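Novice: Pasting a structure here, questions to come.
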Amino acid sequence: EAFYEDRLHGQVGFQTIETDARGRITKVLERTDPTPGDNLQLFMDLNTQLAAVDALQGRRGAVVAIEPQTGGILALVSVPGFNSNLFVTGIDYASYDALQNSRARPLFNRALQGRYPPGSTIKPIVGLGGIETGATTWDYSIYDPGFYKLENDARFYRDWKKWGHGVVNLHDAIVQSCDTYFYELAFNMGIDDIHDFMAPFGFGKRTNVDLINESKGLLPSRFWKKATRNMPWFPGETLITGIGQGYMLATPLQLALSTAILANKGEKVQPRMVKAIGGLPLPTPDVGDPITLKNPDNWDRIIEAMRDVVHSAKGTARGISKDLPGYDLAGKTGTAQVLGIKQDEEYDADKIAEWHRDHALFVGFAPVNNPKIAIAVLVENGGGGGSTAAPVARQVLDAYFESLQQDADVPTTRAVQAP
C-alpha cells in the first residue's frame, strides 16, 4: 500500500457554499465530487499465500514464490506477523512497544529485509560458473574424505558429512550437497569470477520490486572488502563463499529471483506484486539482456542435477518427492551456519541455544520442463534444509498446483448468437 499510495488514495471532494446568518446552506456555489483511488490487481494467488502462512505456522521465516515467465509474486510471507488492525484507530504505546521489542521481530519483513547466508542453495549457480570459467568439468571428480585443506594452512574446511561423500563429480556434488567439492571449485574459480558470475542472477543488489524497504543483501568481492574493511581477501574466504557462507548474504526474495532465472535458463524477470492498475495491465519492465552460456546445454545439466536433488535416492530433498501430485520439481537444499564452530568442536543442535542453530533453506521450481512457479523458503534456526524447509516448499507447491487445477476445472461460457 505504501508503494502505490498515490494511486490508491483517490481525491477528496469539496464544495463552496453560501449560508445565511444562522449557518444554513442557501446555495452551493461550486462542487467537486470525490474520486476513488485506482483498483490494483495482484499476481498473488490466494491459496498459495495462505498455504505459505499455514506451512510456516509456529516458526520464524519467510516464503517467496515467483511466476518465472512474468516475475509476478504469487506468495510473499514473513512470520511471525502482526495484526494490522491494531494500527487502524491508533495503537497504544504498550502494544507497540511489545511488537517493536519482541525478540521474534514481527515488524521485520524477513522476505524483503532479512539478510541470510544462502548456504548450499547457491551451489547450482556456483557449479554453472565453474563450468563456464573452466574451473571444473562435468567429468572431473574428486575424492571427498570429509574435509578440504589449503596448502600451508592448518585449518580443516569441513564437509557437512563428517565421513565424506567419497568420489563425486559436479552432478553428484549438487545432488548430495558435497561441500568439499565446492571448496575446491571455489578455490579454482577465485572470488572475482564467483562475484562476476553470480551478480547477474540478482545477488548483491535490490530487485526493485514494487515494495518498500527492500535490502540489497551482500555479494562479497576483493574490492568490497578492501573498500569497507581496508583488508585483503584471503583464500579461505573464497572457499566458504563457494558454499554460501562467510560474508555473502541474500534475502529470500533474491533467492526466489535467482531460482526463477535458473528455471528460465538465463532469461531475467522483474519481481512485481501488481499486474494491473485500474483494469490496465502494467507494461513488462525492461530487465536487460539474458544470461548466456558458452554451451546452452549446461542449463539442462544443472537443472537435471537439481531435479535429482528431489527425485534421486541420494538427493538431499528426496523426502518430499513421495506422492507428488502430478508435477516434478527441481530444487536445492541449504543449511546456513549461524554460530561459528571451533576446529576441535562438533556441531550439536541439542547443545546450542535455539537462536544460534542453523537456518534451513530450500529453493526450487516446478514443473521442471515448463516452470510455472519458483520458490524460496527460509526457516530461521530450523536446522537442515532438507528436513525443515523443503517440506514447507512442498506444502506451498501442492497448494499452487491444486489452485491451477481448480482454475482449469472451472467451466467457461461464451455468448452464442441465436439463429
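Novice: Along the range 272-281, what does the Karplus equation 6.51 cos²θ - 1.76 cosθ + 1.60 (θ = phi - 60°) give for ³J(HN,Hα), rounded to whole Hz, x for Gly and Pro?
Specialist: In residue order, the calculated couplings are 7, 8, 9, 8, 8, 10, x, x, 9, x Hz.
Novice: Still on this structure, I have one more. Where does helix 390-409 land angle-wise versus the long Cα axis of the chain, in degrees 0 to 90, nearest 10?
Specialist: It is inclined by approximately 50 degrees.
Novice: 5 Å is the cut-off here: which amide hydrogens, built 1.01 Å from N in the peptide plane, fall below it relative to D144, excluding neighbours closer than 5 in sequence?
Specialist: Counting only residues 5 or more places away or on other chains, the set is H165, G166, V167, V168.
Novice: Please order V209, V379, V64 by the number of other Cβ within 10 Å, starting at the fewest.
Specialist: Ranking V209, V379, V64 by Cβ neighbours within 10 Å, fewest first, gives V209, V379, V64.
Novice: Continuing with this model, one more query. Can you list the residues, at least 5 places off or on another chain, whose amide H is less than 5 Å from the amide H of D358, using H built in the peptide plane?
Specialist: V338, G383
Novice: Explain nothing, just the number: relative contact order of the chain, from Cα pairs under 8 Å at least 6 residues apart, as a whole percent.
Specialist: Rounded, it is 19 percent for the chain.
Novice: If you count, for each residue, the other Cβ atoms within 10 Å and average over each peptide, how do 27-33, 290-296 line up from highest to lowest?
Specialist: The packing order, highest mean first, is 290-296, 27-33.
Novice: Using amide H atoms built in the peptide plane, which far-off residues or other-chain residues are under 5 Å from Y116 H to H?
Specialist: Placed amide hydrogens put A250, T251 under 5 Å from Y116.
Novice: Now a separate question. Could you work out Rg/(2.2 N^0.38 Å) for the range 83-177, with Rg from alpha carbons only?
Specialist: 1.84
Novice: Here is a further query. Could you point to the label whose value was computed as Cα extents along the principal axes in Å for the structure here, given (i) 97, 69, 39; (ii) 110, 58, 40; (iii) 80, 49, 42?
Specialist: Comparing each candidate, only (i) matches the computed number.
Novice: Run the helix sum for the chain: -39,500 (n - 2.57) per DSSP H stretch of 4+ residues, divided by residue count, reported at 222 nm to the nearest 500 deg cm²/dmol.
Specialist: Rounded to the nearest 500, it is -8500 deg cm²/dmol.
Novice: Please tell me which of these pairs span more than 32 angstrom C-alpha to C-alpha: K149/K372; K216/K275; K123/K225; K314/K372; K149/K265?
Specialist: Result: K149/K372; K149/K265 exceed 32 Å.
Only the coordinates and a few stated rules stand behind these numbers; no lab work does. In this text the structure is predicted, and so the values were computed from the model without any measurement. Note that we place each Cβ from the backbone using ideal geometry, even for glycine, and neighbour counts take in every protein chain shown.
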